[in-house]
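This report concerns only the one structure given below.
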Amino acid sequence: GRPAFVESLKEKYADLELNFVSQIPFEELVHKYRTCTLGIIPSLHEQCSYVALEMAMFGVPLAVTDVDGLAEMFVQRRTALKVPLVFDDVKGLDVDTGKLADAVACLLGKPVLRKQLSEKGRHYFLEHFTVDKMLKNTLEIYNRILCLK
């Protein structure tokens, strides 16, 4: 069965069409990326989000938290909408849920912005994050390290 928190969220937000999935076949994943309206990555910590990269590869307009790797991977209002984190004395580091909701509402309400982020996000992915580009960059780093010794 599903974890209790999933059922709790479905009950709490019964007015929303929420779909929780676990592992799915690649073809189904591709279909979801090609047909979704937007992607949301509300992470507190990311070094390199493969989900964000996959979404960018398929031109999914994104709302992401402005944290670690996501901050390096995306440019505010050019390739994604970035949402700040906040610090709470009790909870510690947390997503600014009000600003995340604003970013999602902005994307839902502005089809032209979604299209721009989709196109620029995909272009940015092709310029910086294809397997060939990342392999080339990694090898350059290794070569620089080896030459320093």
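The values are calculated or read from the model by the stated rules, or taken from the named source; none is laboratory data. Since the structure is predicted, the reported quantities are computational estimates derived from the model, not experimental observations. All Cβ positions, glycine included, derive from the backbone under ideal geometry; neighbour counts span all protein chains shown. With ligands, DNA and RNA removed, areas are computed over all heavy atoms of the protein, side chains included. Shrake-Rupley method; radii C 1.70, N 1.55, O 1.52, S 1.80 Å.
Once you list every other residue whose beta carbon is under 15 Å from the beta carbon of Ser49, what net charge do they have if Lys and Arg are +1 and Asp and Glu are -1?
Values: positive: Lys82; negative: Glu46, Glu54, Asp66, Asp68, Glu72.
Residues near Ser49 contribute -4 overall.
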Long-range HN-HN contacts of Val83 with modeled amide H, under 5 Å | Val64, Thr65, Asp66
Going residue by residue through the range 50-60, the Karplus relation 6.51 cos²θ - 1.76 cosθ + 1.60 with θ = phi - 60° gives ³J(HN,Hα) values, rounded to whole Hz and with x marking Gly or Pro, of 5, 5, 4, 5, 4, 4, 4, 4, 9, x, 7
Packing-wise, with mean Cβ within 10 Å as the measure, how do 101-114, 13-26, 131-144 rank, highest first?
-> 101-114, 131-144, 13-26
Vicinal HN-Hα couplings computed from phi for the range 110-123 (Karplus, 6.51 cos²θ - 1.76 cosθ + 1.60; Hz; Gly/Pro x) | 10, x, 5, 5, 4, 5, 4, 5, 4, 5, 5, x, 5, 4
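Counting only DSSP beta bridges with both residues in the range 1-121, tell me the antiparallel percent, nearest 5.
On the way: 4 of 11 bridges.
Here the antiparallel bridges make up roughly 35 percent for the range 1-121.
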Leaving ligands, DNA and RNA out of it, report the carbon-plus-sulfur percent of the accessible area of the range 3-123 at a 1.4 Å probe.
-> 55
Once phi is turned into ³J(HN,Hα) by the Karplus curve 6.51 cos²θ - 1.76 cosθ + 1.60 with θ = phi - 60°, what whole-Hz value does each residue of the range 125-131 show in order, with x for glycine and proline?
-> 4, 5, 6, 10, 10, 5, 4
If you keep only loop residues by DSSP, which trypsin sites (Lys or Arg not before Pro) in the range 21-103 have at most 16 other Cβ atoms within 10 Å of their Cβ?
-> Arg77, Arg78, Lys91
Across the chain, how many lysine pairs, 8 or more apart or on two chains, come within less than 18 Å at their alpha-carbon atoms?
-> 9
PRE reach from His123 (point 7 Å along Cα→Cβ): which of the range 65-79 fall under 18 Å by backbone N?
-> 73-79
Any idea of the accessible area per residue across the chain, 1.4 Å probe, to the nearest Å²?
-> 69
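Given Cβ point charges of +1 (Lys, Arg) and -1 (Asp, Glu) and nothing else, what value in debye, to the nearest 20, does the dipole of the chain about its Cα centre take?
Values: 19 positive and 20 negative charges, 116 e Å.
Dipole size: approximately 560 debye.
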Long-range amide H partners of Gly39 with built H, under 5 Å = Leu62, Ala63
